[in-house]
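As structure tokens, the structure follows; a few thoughts come after it.
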Amino acid sequence: MVLSGLDVLIEKDFDILKASSVGLLVNQASVDRTLVHAIKRFSMAKGFKLKALFGPQHGIDGHTQDNMIEWEGYEDEKLSVPVYSLYGDTRIPSDEMLEGIDTIVIDLPDVGARYYTFLWTSLFMLEKCCEKGIRVVVLDRPNPINGISIEGPSIEKGYESFVGLYPIPMRHGMTIGELLTMMYLEKGLKGKLIVVTMKNWKRSMWFDETGLPWVMPSPNMPTFDTSIVYPGMCLIEGTQISEGRGTTRPFELFGAPYMDSSVLERDLQGIPGLFFRPASFQPSFQKHAGKICYGGQLHVTDRNAFESVFTTLRILESALKNNRDEFKWKNPPYEYEYEKLPIDILFGSDTIRKALEAGEKADDIRRSWIKGENEFRKRRQDFLLYQ
């Protein structure tokens, strides 16, 4: 069985935290291999003082839906410590929040996709702590969709946002500990960063091969299967097509009242590792709530062959070709970007949107980012903590 960074820290009796004043950045999925939460483990441990808790998007308990739905901090009465929101009035911790703390511990899950905001919350925390001379300890966790596969373009300068603050591909094939190490070193940050590495994790592993329990890292990431399609299907958030929010299978289901499932079935033939099943659904909230949407469900039959970003390109290609009068890109704001189109900050530039609008084929667009993928594959080598 794989041991997460939290499991390793517990195994070593929290040795690196002795005599520290600790702030803990977590959410509901920050559990050990027996499903006991990090907050409980930290509150029961001896030899250091737990001073504050911090939570990312969706709340420290994972209770808020969707993007730009903020939550506010409060006092944890049982522990007598403040709980600070890093997805409310601010996404950067303030001096006041960090007062009296000499060590911040980050134990957040990632799903292997650039848009997942927990990475950027962690980066903001790391940068602030380096500025203030506060040590940062990252408890590493598996990349659920393996640590090898890379897919999609990187971010062009000027398209940074809270769904991508640093030039990495859409699917990066790294752990959160590796990514923070990369950004720490490449940015030349001054401070102390320690990554508590996992035991027994191999880069080829998918989450269901780790032996670790799956806890929803966010409200619309209900299963491990969701994470397999998410690096591509999150792009549907940049359109007026439903990405399945308001159903029990978000990101696997997609559709709109005006789409034709049989046309999609024809256009999505032959995608490696995928069976497209025509389906209709009625979202209970968000886009097209209460209306019947026609589209389909993605059934991944070979996850090693399946390319989620390319698959979503094919979906967008079909929608633009067959539903040009009805199809619309989503307008801002989106994740605190108020000017650029959401699809552009998700892609990391406006190049791919314009190529799709001009009728370019998904296969040709995919070829445009292969060079960048290969460059990133070489660049990341110096920062990999697991070989």
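The values are calculated or read from the model by the stated rules, or taken from the named source; none is laboratory data. What you see is a predicted model, and the numbers here were worked out from it, not measured in a lab. Reconstructed Cβ throughout: ideal geometry from the backbone, glycine too, with neighbour counts over all protein chains shown. With ligands, DNA and RNA removed, areas are computed over all heavy atoms of the protein, side chains included. Shrake-Rupley method; radii C 1.70, N 1.55, O 1.52, S 1.80 Å.
Out of 368, 349, one residue alone is of a type in the set (Gly, Ala, Ser) and either open to solvent by less than 60 Å² (accessible area, probe 1.4 Å) or over 20 Å from residue 233 (Cα atoms) (or both). It is 349. Scanning region 223-246 for residues that are closer than 25 Å to residue 345 by Cβ and open to solvent by 20 Å² or more (accessible area, probe 1.4 Å) turns up just one, 240.
Looking only at region 254-286, which residues are open to solvent by less than 20 Å² (accessible area, probe 1.4 Å) and under 22 Å from residue 216 (Cα atoms)? 254, 283 - these are the residues of region 254-286 that are open to solvent by less than 20 Å² (accessible area, probe 1.4 Å) and under 22 Å from residue 216 (Cα atoms). Residues of region 60-77 include at least one that is surrounded by 22 or more Cβ atoms within 10 Å (Cβ to Cβ) and either at pLDDT 95 or above or of a type outside the set (S, T, N, Q) (or both).
Applying the criterion of being touching a helix residue (DSSP H, G or I) at 6+ places or on another chain (Cβ under 8 Å) and open to solvent by 30 Å² or more (accessible area, probe 1.4 Å) to the residues of region 198-222, the residue that is nearest to residue 58 (Cα to Cα) is 214.
Return yes or no: is residue 25 in contact (Cβ under 8 Å) with a residue 40 or more places away in the chain and of a type in the set (A, V, I, L, M, F, W, C)? Taking the combined requirement at face value, the residue satisfies it. Taken together, 28, 57 contain a single residue that is assigned to a loop (DSSP other than H, G, I, E, B), modelled with pLDDT of 95 or more, open to solvent by less than 30 Å² (accessible area, probe 1.4 Å) and not acidic (Asp, Glu), which is 57. Residue count for region 285-307, restricted to those that are in contact (Cβ under 8 Å) with a residue 12 or more places away in the chain and more than 24 Å from the chain's Cα centre (by Cα): 7.
Within region 84-106, the set of residues being in contact (Cβ under 8 Å) with a residue 12 or more places away in the chain and under 22 Å from the mean Cα position of the chain (by Cα) comprises 84, 85, 86, 87, 88, 89, 91, 92, 93, 104, 105, 106. Within region 134-146, the residues that satisfy the criterion of being buried (at least 21 other Cβ atoms within 10 Å of the Cβ) and closer than 20 Å to residue 215 by Cβ are 138, 139, 140, 141, 142, 143, 144, 145.
Just a yes or no: is a residue in region 183-197 under 17 Å from the mean Cα position of the chain (by Cα) and surrounded by 19 or more Cβ atoms within 10 Å (Cβ to Cβ)? Yes, the conditions are met somewhere in region 183-197. Looking only at region 157-182, residues that are assigned to a loop (DSSP other than H, G, I, E, B), open to solvent by 10 Å² or more (accessible area, probe 1.4 Å) and among the hydroxyl-bearing types (Ser, Thr, Tyr) come to 2 in all.
The residues on offer are 153, 109, and the sole one that is touching a residue at least 60 places away in the same chain (Cβ under 8 Å), assigned to a loop (DSSP other than H, G, I, E, B), farther than 30 Å from residue 51 by Cα and open to solvent by 10 Å² or more (accessible area, probe 1.4 Å) is 153. Note on region 78-97: residues that are more than 23 Å from residue 161 (Cβ to Cβ) and either modelled with pLDDT under 95 or in contact with a helix residue (DSSP H, G or I) (Cβ under 6 Å, 6 or more places away or on another chain) (or both) total 2. Of the residues making up region 31-54, those that are part of a helix (DSSP H, G or I) and either closer than 21 Å to residue 221 by Cα or touching a helix residue (DSSP H, G or I) at 6+ places or on another chain (Cβ under 9 Å) (or both) number 3. Residues in region 329-337 include none that are open to solvent by less than 10 Å² (accessible area, probe 1.4 Å) and among the hydrophobic types (A, V, I, L, M, F, W, C).
May I ask you to verify whether residue 297 is buried (at least 18 other Cβ atoms within 10 Å of the Cβ) and among the polar types (S, T, N, Q)? Against the criterion (buried (at least 18 other Cβ atoms within 10 Å of the Cβ) and among the polar types (S, T, N, Q)), residue 297 qualifies. Flag set for residue 237, criterion: out of contact with any Ser or Thr (no Cβ under 6 Å at 6 or more places or on another chain), touching a residue at least 60 places away in the same chain (Cβ under 8 Å) and in a helix (DSSP H, G or I).
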